[in-house]
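One structure below.
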Protein chains: 2
Amino acid sequence: MTELVIKLTQKFPFFSKNLIQEIAKYGVVKNIENKTTILTTGDNVRMLPVVLDGIIKVYSIYEDKEFLLYYLKSSESCIMSFSACIENKKSEITAITESDSTLILLPSEKVKFWLKKYESFNKLFFKLYDQRYLDMINTLNHILFENIENRLLRYLYETRRIKGTSELAIKHREVAEDLGTAREVISRLLKKLEKDKIITQLKGGIIKIL
Amino acid sequence: MTELVIKLTQKFPFFSKNLIQEIAKYGVVKNIENKTTILTTGDNVRMLPVVLDGIIKVYSIYEDKEFLLYYLKSSESCIMSFSACIENKKSEITAITESDSTLILLPSEKVKFWLKKYESFNKLFFKLYDQRYLDMINTLNHILFENIENRLLRYLYETRRIKGTSELAIKHREVAEDLGTAREVISRLLKKLEKDKIITQLKGGIIKIL
DNA sequence: AAAAGTTGGTGACTAAAGTTACAATTACAA
DNA sequence: TTGTAATTGTAACTTTAGTCACCAACTTTT
């Protein structure tokens, strides 16, 4: 049993031996370093990326304005790439690694085939769609009915959860883009959160959640 | 060939004869009159509604505040009911008929079964998820980066498209709820659009798009 | 037809967040 | 280390939209 098979089995315990074998055979493993763009709006998607290790940030871009849609973690795939991939459409999103990551790229033809052949594979994507859609409904409600301060707090807590650390090395500018607002607004609010003893800002541009 | 089979064949030309037969056999057709709630947040979903005729409005409700997620038209189904249905979860949405409508209710067990057995059935739901997700990304960008006036215009044009008429019988209060804003704001803006000769407001609460 | 409820119109006010403009600080490279 | 670029801080201002208060018009109920 190769290392890849072992890893795939760990990450996808609900996949059958056969499916794992096929994925290992046709998938292309790639190590990608932090802050690398793996997909941009408009790209043709011929291979579906699935995350083995690392974190990937998925953005929508609308008239030059970014907005964070979701993070991809280990064992997850990007539903927007999935749909672009199986329908031969162009990518509607931009994906950037947020840590050194390992992906496995699955050829779109095989993805379509596995979708028919393996129920567990099929189910995974329905599940991802569902999660992402519910998530989107929440995001939408937050944008509509909550003020930015709460959205910022939510963002900080969520980022801590995803990254697994309370010390977030992230620029104000980036936070602003992720939330679809202006840098000044974030600087102001972070100062306020500091005053309220919810965070501290260490030197080196690190936001520490208390 | 029964009337139902004929109708199903029209609405779902990509479904096989067998699938159509099964749907006709196990589906329950319901005629539902305008403004009827067919599903509320928290309901158990044991039957998946698929629209044969009519229009259905699907809402999310967040702390008493409604927000229009999408309209369902003929040949469409509600992905949120779908996911609730196949995973035995409770509904996260509220659905209300916007015209006298005909639905066919599919038992969740059969839905799960058809999903495996019929590729065309499986594909339909992936397609719906995809459409709805892309739609959501757009909505999100509009909320974040456009002012309410534009969002209102978009809403009016979209409603005209869905309803197939330029004379929309809709209350200001309802428009406000759909867009997640306040009634006064809508009244003010509709007056402005009237001044700008983009709409007129007829008596009886009808908004006519020019 | 009078009363009660619903809907729409509007001015005045408030709050929130986006913008401008620039200063201060920190990081980085020559 | 010194100059340059990137990042952060902040005050003042503007804009947008949400809120309040109230009235008028229209509808429905009694």
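We did not get these values from a lab; they are worked out from the coordinates using the rules stated. These figures come from a predicted structure and were not determined experimentally. Positions of Cβ are backbone-derived with ideal geometry, glycine not excepted, and every protein chain shown enters the neighbour counts.
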Among B:E174, A:E184, rank each residue by its count of other Cβ atoms within 10 Å, from fewest to most, as a rough exposure measure. A:E184, B:E174
Just to verify a number: FRET efficiency for A:T36 and A:N138, C-beta to C-beta distance, R0 = 30 Å, to 0.05? 0.55
If all Cα-Cα distances of the protein assembly as shown are sorted into 10 Å bins from 0 onward, what percent lands in each bin, rounded to whole numbers? 4, 19, 27, 26, 17, 6, 1, 0
For the stretch B:147-209, what class follows from the C-alpha gyration tensor (a ≥ b ≥ c being the square roots of its eigenvalues): rounded when a/c is under 1.5, otherwise prolate if a/b is larger than b/c, else oblate? rounded
I'd like the mean, over residues of B:59-69, of how many other protein chain beta carbons sit within 10 Å of each residue's own Cβ. 3
Which distance in Å, rounded to a whole number, links the C-alpha centroids of the stretch A:1-54 and the stretch A:57-81? 17 Å
Estimated FRET transfer efficiency when R0 is 41 angstrom, pair A:K112-A:R154 (beta carbons, to 0.05): 0.65
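Would you calculate a helix-derived [θ] at 222 nm for chain A, using -39,500 (n - 2.57) for each DSSP H run of n ≥ 4 and dividing by the full residue count, to the nearest 500?
Mean residue ellipticity at 222 nm (helix-derived): -15000 deg cm²/dmol.
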Residue-averaged beta-carbon neighbours from other chains (10 angstrom radius) around B:133-140: 6
Footprinting proxy, B:I198, B:I32: sorted fewest to most Cβ within 10 Å, the residues are B:I198, B:I32
Could you count how many Lys pairs in the stretch B:147-209 have their Cα atoms under 21 Å apart, skipping same-chain pairs fewer than 8 positions apart? 16
Kindly put A:Y118, A:Y129 in sequence by how many other C-beta atoms sit within 10 Å of each C-beta, fewest to most. A:Y118, A:Y129
In this structure, the FRET efficiency calculated for A:E119 and A:K208 from their beta-carbon separation, with R0 = 51 Å, to the nearest 0.05, is 0.70
Let me confirm one metric for peptide A:96-102, namely the mean number of other chain beta-carbon atoms within 10 Å of its residues' beta-carbons. 0
At a Cα cut-off below 13 Å, give the aspartates and glutamates reachable from A:K11, other chains included and same-chain residues fewer than 8 away excluded. A:E3, A:D53, A:E76
Would you look at the GNM of chain B, springs on alpha carbons closer than 10 Å, and say which of B:I162, B:I56, B:I79 moves the most? B:I162
Once A:V5 and A:D64 are pulled to full extension, the length gained, defined as 0.36 nm per residue separation minus their Cα-Cα distance, is 17.2 nm
Any chance you could run the full-extension gain for A:A169 through A:V185? It's 0.36 nm times the residue separation minus the Cα-Cα distance, nm to one decimal. 3.9 nm
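Dipole of chain B, Cα-centred, from +1 at each Lys and Arg C-beta and -1 at each Asp and Glu C-beta, to the nearest 20 debye? Could you put the intermediate results ahead of the total?
Details: 34 positive and 27 negative charges, 74 e Å.
In debye, rounded to 20, chain B gives about 360.
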What is the set of long-range amide H partners of A:Y70 at a cut-off below 5 Å, with H atoms built 1.01 Å from backbone N? A:V58
Under the Karplus curve 6.51 cos²θ - 1.76 cosθ + 1.60, θ = phi - 60°, whole-Hz ³J(HN,Hα) for the stretch A:4-13, x wherever Gly or Pro sits: 4, 4, 4, 5, 4, 5, 5, 6, 10, x
Can you give me the Rg/Rh ratio for the stretch A:1-46, using Cα atoms for both radii and the Kirkwood formula for Rh? 1.08
Can you run phi through the Karplus equation (6.51, -1.76, 1.60; θ = phi - 60°) for the stretch A:132-148 and list ³J(HN,Hα) in whole Hz, with x for Gly and Pro? 5, 5, 4, 4, 5, 4, 4, 3, 4, 5, 5, 4, 6, 10, 10, 7, 5
Selected from A:L168, A:L103, A:L140 as most flexible by GNM, with chain A as the system and alpha-carbon contacts under 10 Å: A:L140
